1. Applying the selection to the range 91-129, what residues are closer than 23 Å to G381 by Cβ and either touching a strand residue (DSSP E or B) at 6+ places or on another chain (Cβ under 9 Å) or outside any helix (DSSP H, G or I) (or both)?
2. Tell me the helices (runs of 4 or more DSSP H) entirely within the range 161-252 that contain at least 3 residues that are exposed (fewer than 14 other Cβ atoms within 10 Å of the Cβ) and modelled with pLDDT under 85.
3. Just to be sure before I move on: is T444 in contact with a helix residue (DSSP H, G or I) (Cβ under 8 Å, 6 or more places away or on another chain), of a type in the set (V, I, T) and either at pLDDT 95 or above or part of a helix (DSSP H, G or I) (or both) in the structure I sent?
4. Any residue in the range 329-343 that is within 25 Å of L91 (Cα to Cα) sitting within a Cβ distance under 9 Å of a residue that is charged (D, E, K, R) and part of a helix (DSSP H, G or I)? List the pairs, counting only those 6 or more apart or interchain.
5. From the list S110, S125, S152, pick out the single residue that is in contact (Cβ under 8 Å) with a residue 40 or more places away in the chain, of a type in the set (S, T, Y) and farther than 25 Å from A329 by Cα.
6. Name the one entry in V82, V130 that is crowded, with 21+ Cβ neighbours inside 10 Å and farther than 22 Å from I259 by Cα.
7. State whether the residues of the range 437-447 include one that is touching a residue at least 12 places away in the same chain (Cβ under 8 Å) and farther than 30 Å from A118 by Cβ.
8. When the residues of the range 413-439 are narrowed to those that are of a type in the set (D, E, K, R) and in contact with a Ser or Thr (Cβ under 9 Å, 6 or more places away or on another chain), which ends up surrounded by the most Cβ atoms within 10 Å (Cβ to Cβ)?
Amino acid sequence: MTSDTAAETTADKATRPVAPRPTGVRATERALAPDLARGLMLLFIAMSNTAFHLWNADHGPSGWQPVNGGWLDHTVQFAMIVGLDLRIYPLFAFLFGYGMMQLYLRQTASGTSERKAAALLRKRSLWMVVIGLTHAGLLMAGDIIGFYGLLSLGLGWLFLRRGDRALKWWIWISVTVTVAAALQPVVTAAFQGELGSLGDAGADAGSEAYGAGEESWLAAAGTRMTTAFYLVGLAAPLVFVTGGGFIFLLGFWAARRRILEEPGKHLKLLRGTAVIGIAIGWLGGLPAALAHVGALDVPPDAESETGALTALRDVTGSAAGLGYVAVVALFVHWWTRRQERRREAEPGPATAAAGSATTATPTTATSTPVATAVTAISAVGKRSLSCYLTHSLLFAPVLAAWGLGLGEHLTSATMALFAFGVWLVTVAGAYALEIRGKRGPAETLLRRLMYGKRT
């Protein structure tokens, strides 16, 4: 090989286009609305899960909320049934699907092939299943990371690269199947002239599936893994059969239209979703809440895990979850416009590098308590995996019988205060990481598992 040829070969290599390597989300690319919604969602999840840690309480036929306590406890139970139980996991599913499609679109926009981007997301889903099962075995039986990891693996493979037309068709088919399956007990009860006709009035309390009352950590771990394998191995695949994945696919659809990144362009849709969704969700949970506090007389099986009232709560829960997301998006639209007006009113040159107010956590020259709260809660959303795992680290050893056993003595009201305090701890931790520009430890680990060691 001559020197000219060698030089030419070297020049060719230098100018040859290099295939883009998949990378993660940069801080400046994040949208405020999804992060703020995730931060609030983690508060709602912590509150909704409180009942399962009250392992010494008397639970009703549904196995969810306790039936004992004073008027303040019953008020908390009523609010949980109407606004949180079976309403927050649809919110999580929507945001999970939205984030998954965001990541896919960001990868393909940066030059990554569709096939390679989809493979990256499959890898992410598999690692989430591993993380979820590990989490369940160590601390939390009702882990949702593994559940949605498996769900995203299947739905991502089937729909991530599908066109909008196919996606819309499957959303409507899934909605129809889900509503028909969930309303079957309600329709049966209506024909029989009573609210309850299905279910087992002697259903085990949900707290037993958490193993919170086991005095041995090893015995509790066995119970937790049994529950976790049920959720991942049976409940998640059943979603494909019963059509329950439509809320996940709605996240795909919404992300393609950048509804949460650009809420100002979708105000009519967001307002309608907020009003109608929350109204349907709360009205759907109201009969079960009234029955729980004794204001509505129904047969015990109506409140069971397969009874009419639980089915009604379930089928209306997705509407409430979507309504909550819409409220957050509307708030972000109002908030960012307010921040923009404030910046314009401030003396001095405008900050050219402020960027889009809907795609980053807004800041002002003069920080206010509300601005700090928005930044801190969205910081939780940016580190949602770390904060979710931190909940278990603070809940399980303190509340379970194999730990300090505090769950034996708390009531619904005091447990709600404890959960709020745990969430505030994660808010403080996430805010501290935010002002230092650091990711959460779990996000750092998942990023490394997805993208490999960076140079």
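1. S110
2. 164-192, 236-242
3. Answer is no for this residue.
4. L330/R271
5. Residue meeting the stated conditions: S110.
6. After applying the criteria, what remains is V82.
7. yes
8. The residue in question is E434.
The values are calculated or read from the model by the stated rules, or taken from the named source; none is laboratory data. Quick caveat, the model's predicted, so the values are computed rather than measured. In this analysis, Cβ positions are derived from the backbone assuming ideal geometry, glycine residues included, and neighbour counts consider all displayed protein chains.
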